[in-house]
Amino acid sequence: MNLSEKDRMTLRDLAKKLAEIAALPIQREKAELWLRLNRLERVRPMVFLVNDTWHETAYQIKLETTDDFARGQEWSFRTQLYHWEHIPDDHVYEARIYTPIVVRTTGMGIDVNTTRPEHAFGAAKYNPILSDNADPEMITMPTVTVDWEETERIYQLYYELYEGILAVEKCGIGTLGFTPMDQFIQWRGIQNTFTDMIDRPGWVHAWMERMTLWHLSCLDQYEKLNVLSLANNGNRMVGSGGLGFIDELPQPDFDGKHVRTIDMWGHATTQIFSEVSPAMHNEFALSYEKRFLSRFGLASYGCCEPLDRKLDIVKTIPNLRRVSMSPWVDVARGAEGLGNKYVFSYRPNPAIIGTENWDIEFLRNQLRDALEKTKDCVVEIIMVALHNCHNEPWRMWEWAKMAMQLAEEYA
C-alpha cells in the first residue's frame, strides 16, 4: 500500500491529537473508576454512550484523505475526537492501536434467509429454513486456522504508519459471546421454535447441545493456537455493558504469554426469551450458557431482555459479575435482586434521544428516579443501541452532560 504523503500526514496528525488526549490525567482517573466499579466498589455511577447515529449524522465528519484505507483510519480517528469534544461521558482514550491476529473459523454450515426492508435499520424477517425433521448433525464442527503471515503484514503496515505516536499492538480474539438460541431462531423461526419447546423439547435440546459443542470446540482451538487476547480486561466493552478494566484477571497463574478463557471476561444473552418463563429460559438457554461461561474468569449476562424477574436463575451463573438491566425492567425489583453483589448495568431506553419533542428535564427526572432506586447498588449507565437522535446530535451532548451531573450527585 502506497499512501500519498498528504494522506499519511493527515493520519499522523490525527494520531498525535488522540495521543495528546490519551496523555491527560483524566484518562487514568476514569480507567481507575471502571476498575473499582468492576471490583464492586461503590463509586459514582459510570456513564457510557455508544453513538450509532452516524447513518443520519455523518455529515458532521469531514474526511480529507483519498485512499480507501486512509479514509477508514481517518473516520476512526475523527469519530473518537468528535466524541471527546462533544460527549462528556466515561470513555477512556488510549494512545494505542490494535492490529488483528488473523483468525479464520469455519462456520456452522447453515445460512440464514432474510427479507429486509430498504431502510438500514428496518427489521429483518427471518424466513425458516429448518424443517421439522432437520438433524442437528447438519452443523459442521469448526476448524480454526491462523494466518500469521497476514497478521505480520498488517502489523508492519500500521507500525510504519504510526511509529513514534501510537503504540501498535497485535490483538487476538478479545471478545467472546454466546447466543445459541437467538441464532437458532434465525434458522427455525420464532413461532416454530416456541411451539417446538412445548411439543418436542428433546429436538430443541439436541440443537442446543450441538451448537454448544461447536462453540466450546472453538474455545479449545483458540487456546491451543494461542490467539486469545486480554483486551476485554481493559478498554473494551463487556457484552452490552461498560468497560472491562479489572485487576482480578488474568488469573494468578497466567504465564504472561498464553491467554486462556479463564483469564478473560465472557458474555452470554438470550434476547429472544424476553417473554419466556424463568423455567423455560433456564432449561433451553441458561443451562447451555452456563457451560460456556464457566470457562471464563468473569461473566456478564444479558442485553435487551428484561431480567428483573429471572435473577434467581441468572445468579447461578459461575463467576457472574455484570448483569444487563434493560429499558424494560422494573428497576426497583432489579436493584433488590442484585444488591451490591453484581454490577447493575442500567440501560435507559435509547428511543428517548430520538423523540419528536426534546425534554431534558423529563429525562433528568427519569434517570434520577432510577439512580434513587439503585443507590445501594454498583451502577453503570449504558446508552447503547442508539440509532436515532432526530438528526440533532446535540441531544446526545446534553444527555451525557446531564447523566454525568447526576452521577456525581449519586457518588
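Structural remarks
- Hits in the range 207-224 - residues which are more than 23 Å from Tyr301 (Cα to Cα) and either buried (at least 16 other Cβ atoms within 10 Å of the Cβ) or in contact with a Pro (Cβ under 6 Å, 6 or more places away or on another chain) (or both): Gln221
- Candidate set: the range 204-249, residues that are charged (D, E, K, R) and in contact with a Leu (Cβ under 9 Å, 6 or more places away or on another chain); chosen: the one farthest from Phe48 (Cα to Cα): Glu248
Residue by residue, here is whether (1) out of contact with any helix residue (DSSP H, G or I) (no Cβ under 9 Å at 6 or more places or on another chain); (2) of a type in the set (A, V, I, L, M); (3) closer than 22 Å to Gly242 by Cβ holds:
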residue: Ile272; (1), (2), (3): no, yes, no
residue: Met280; (1), (2), (3): no, yes, no
residue: Phe284; (1), (2), (3): no, no, no
residue: Ser287; (1), (2), (3): no, no, no
residue: Arg291; (1), (2), (3): no, no, no
residue: Ala299; (1), (2), (3): no, yes, yes
residue: Gly302; (1), (2), (3): no, no, yes
residue: Lys315; (1), (2), (3): no, no, yes
residue: Met325; (1), (2), (3): no, yes, yes
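- Boolean, Gln73 is crowded, with 18+ Cβ neighbours inside 10 Å, part of a helix (DSSP H, G or I) and on the phi < 0 side of the Ramachandran plot: yes
- Scan of the range 146-192 for residues that are polar (S, T, N, Q), under 30 Å from Gly302 (Cβ atoms), touching a residue at least 24 places away in the same chain (Cβ under 8 Å) and in a helix (DSSP H, G or I), ordered by number: Gln183, Gln186, Asn192
- Elements of the type strands (runs of 3 or more DSSP E) sitting completely within the range 293-405 and holding at least 3 residues that are under 19 Å from the mean Cα position of the chain (by Cα) and not aromatic (Phe, Trp, Tyr): these cover 298-301, 320-325, 378-386.
- For first residues located in the range 116-132 and within 30 Å of Val204 (Cβ to Cβ), partners that are small (Gly, Ala, Ser) and part of a loop (DSSP other than H, G, I, E, B) and lie 6+ apart or on another chain with Cβ distances below 7 Å form the pairs Arg116/Gly122; Arg116/Ala124; Tyr126/Gly189; Pro128/Gly189.
Bear in mind these aren't lab numbers, they're just calculated from the coordinates by the rules spelled out. Note that this is a predicted model, so its numbers are computed, not measured. As a convention, Cβ positions derive from the backbone with ideal geometry for all residues, glycine included, and neighbour counts pool all protein chains shown.
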